[in-house]
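Engineer: Sharing a structure below in structure tokens format, with a few things to ask.
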Amino acid sequence: AAGVIQSPRHLIKEKRETATLKCYPIPRHDTVYWYQQGPGQDPQFLISFYEKMQSDKGSIPDRFSAQQFSDYHSELNMSSLELGDSALYFCASSPARDRDGYTFGSGTRLTVV
Amino acid sequence: KQEVTQIPAALSVPEGENLVLNCSFTDSAIYNLQWFRQDPGKGLTSLLLIQSSQREQTSGRLNASLDKSSGRSTLYIAASQPGDSATYLCAVQGSGRRALTFGSGTRLQVQP
């Protein structure tokens, strides 16, 4: 079965650089969520999109932005990277019927040096 | 604001034991509760999803219960195996907000 695809799997950036993470949801899932998981931390919600519109916003820094495109894939853009941005970034998708729950991608490990 | 707590934070058991992981949440107005497994540095694998109207779900050696009124869920693992070693995360979805709120997880080590 198709899963949530994230790219790249690993990314190394220097401070003050920019990074773009991509997420391809499960077909027919119309909602995409982004989470950040720091070392030894639980996942923290960043932002979500429903039908290409931002639906909810969590603890996403102003330096980050995201969008969902017409094919439902989403991109998380991160600028002016800081050392503290080093984390696992997960994307998840769910269908309109939330009762089917979330499916998470394998994540992108971002290391800022 | 929803808060999710998991007890214990870490657990080490010999192979074959039955064990219980606990999850509590402060706001009982939830839409559903999901248990995940995470291996070190890896993604989140969904184990069980319990809707707010349900009391339990079972999958193989796993059984999860939900007591919404008391704000508690338990994950029961029968006949534990070394391959069960991982961090187990409980997450709740609020009735209004679609985002998940996670607990800090229980790190399980099953000794062969």
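The values are calculated or read from the model by the stated rules, or taken from the named source; none is laboratory data. Keep in mind the model is a prediction, meaning the values are calculated, not measured. Here the Cβ is made from the backbone with ideal geometry for all residues, glycine too, and neighbour counts use every protein chain on show.
Engineer: Just to be sure, is B:Leu108 in a strand (DSSP E or B), at pLDDT below 95, out of contact with any Cys (no Cβ under 7 Å at 6 or more places or on another chain) and aliphatic (A, V, I, L, M)?
Structural biologist: When the stated conditions are applied, B:Leu108 does not pass them.
Engineer: Just the residues that are loosely packed, with under 15 Cβ neighbours inside 10 Å and more than 9 Å from every other protein chain (Cβ to nearest Cβ), please, taken from the range A:41-51.
Structural biologist: A:Glu51
Engineer: Which ones in the range B:53-82 are under 23 Å from B:Glu3 (Cβ atoms) and in contact with a helix residue (DSSP H, G or I) (Cβ under 7 Å, 6 or more places away or on another chain)?
Structural biologist: Correct list: empty.
Engineer: Restricting to strands (runs of 3 or more DSSP E) lying wholly in the range B:1-97: which have 1 or more residues that are in contact with a Pro (Cβ under 6 Å, 6 or more places away or on another chain) and within 14 Å of another protein chain (Cβ to nearest Cβ)?
Structural biologist: none
Engineer: Would you confirm, using the coordinates I've provided, whether A:Ser59 is of a type in the set (Ser, Thr, Tyr), within 13 Å of the chain's Cα centre (by Cα), more than 9 Å from every other protein chain (Cβ to nearest Cβ) and surrounded by fewer than 19 Cβ atoms within 10 Å (Cβ to Cβ)?
Structural biologist: When the stated conditions are applied, A:Ser59 passes them.
Engineer: Find all pairs meeting these conditions: Cβ atoms under 7 angstrom apart; at least six residues apart or on different chains; first residue within the range A:49-67 and closer than 16 Å to A:Pro95 by Cα; second residue acidic (Asp, Glu).
Structural biologist: Matching pairs, first to second residue: A:Tyr50/A:Asp30; A:Glu51/A:Asp30.
Engineer: Let me ask another. Does the range A:83-106 contain any residue that is surrounded by 13 or more Cβ atoms within 10 Å (Cβ to Cβ) and over 30 Å from B:Thr5 (Cα atoms)?
Structural biologist: Checking the range A:83-106: not a single residue is surrounded by 13 or more Cβ atoms within 10 Å (Cβ to Cβ) and over 30 Å from B:Thr5 (Cα atoms).
Engineer: I would also like to ask the following. Condition (residue is charged (D, E, K, R) and within 14 Å of another protein chain (Cβ to nearest Cβ)) applied to the range A:74-95: is it met by at least one residue?
Structural biologist: No, because not a single residue in the range A:74-95 is charged (D, E, K, R) and within 14 Å of another protein chain (Cβ to nearest Cβ).
Engineer: Does the range B:33-46 contain at least one residue that is among the small types (Gly, Ala, Ser), in contact (Cβ under 8 Å) with a residue 40 or more places away in the chain and surrounded by 14 or more Cβ atoms within 10 Å (Cβ to Cβ)?
Structural biologist: The answer is no, given that none of the residues of the range B:33-46 is among the small types (Gly, Ala, Ser), in contact (Cβ under 8 Å) with a residue 40 or more places away in the chain and surrounded by 14 or more Cβ atoms within 10 Å (Cβ to Cβ).
Engineer: Let me ask something additional. How many residues does the range A:1-34 hold that are in contact with a Ser or Thr (Cβ under 9 Å, 6 or more places away or on another chain), surrounded by fewer than 13 Cβ atoms within 10 Å (Cβ to Cβ) and of a type in the set (Lys, Arg)?
Structural biologist: 3
Engineer: Out of the range B:78-100, which residues are crowded, with 22+ Cβ neighbours inside 10 Å, over 16 Å from B:Thr45 (Cα atoms) and in contact (Cβ under 8 Å) with a residue 12 or more places away in the chain?
Structural biologist: The answer is B:Gln93, and nothing else.
Engineer: While we're here: Which one of the conditions (1) more than 10 Å from every other protein chain (Cβ to nearest Cβ); (2) surrounded by 15 or more Cβ atoms within 10 Å (Cβ to Cβ); (3) part of a strand (DSSP E or B); (4) modelled with pLDDT under 95 does A:Gln54 fail to meet, given that it meets all the rest?
Structural biologist: If we test A:Gln54 against (1) more than 10 Å from every other protein chain (Cβ to nearest Cβ); (2) surrounded by 15 or more Cβ atoms within 10 Å (Cβ to Cβ); (3) part of a strand (DSSP E or B); (4) modelled with pLDDT under 95, just (2) comes out false.
Engineer: Another question, if that's okay. So which of A:Pro25, A:Pro8 ends up being in contact with a Leu (Cβ under 9 Å, 6 or more places away or on another chain) and in contact (Cβ under 8 Å) with a residue 40 or more places away in the chain?
Structural biologist: Of A:Pro25, A:Pro8, the one residue that is in contact with a Leu (Cβ under 9 Å, 6 or more places away or on another chain) and in contact (Cβ under 8 Å) with a residue 40 or more places away in the chain is A:Pro8.
Engineer: Filter the range A:62-78 down to residues that are surrounded by 13 or more Cβ atoms within 10 Å (Cβ to Cβ) and under 26 Å from A:Pro27 (Cβ atoms), then give me how many there are.
Structural biologist: Within the range A:62-78, the first condition is being surrounded by 13 or more Cβ atoms within 10 Å (Cβ to Cβ), and the residues that meet it are A:63-68, A:72-78.
So of that shortlist, the ones also under 26 Å from A:Pro27 (Cβ atoms) come out as A:65-68, A:72-77.
Of the residues in the range A:62-78, 10 are surrounded by 13 or more Cβ atoms within 10 Å (Cβ to Cβ) and under 26 Å from A:Pro27 (Cβ atoms).
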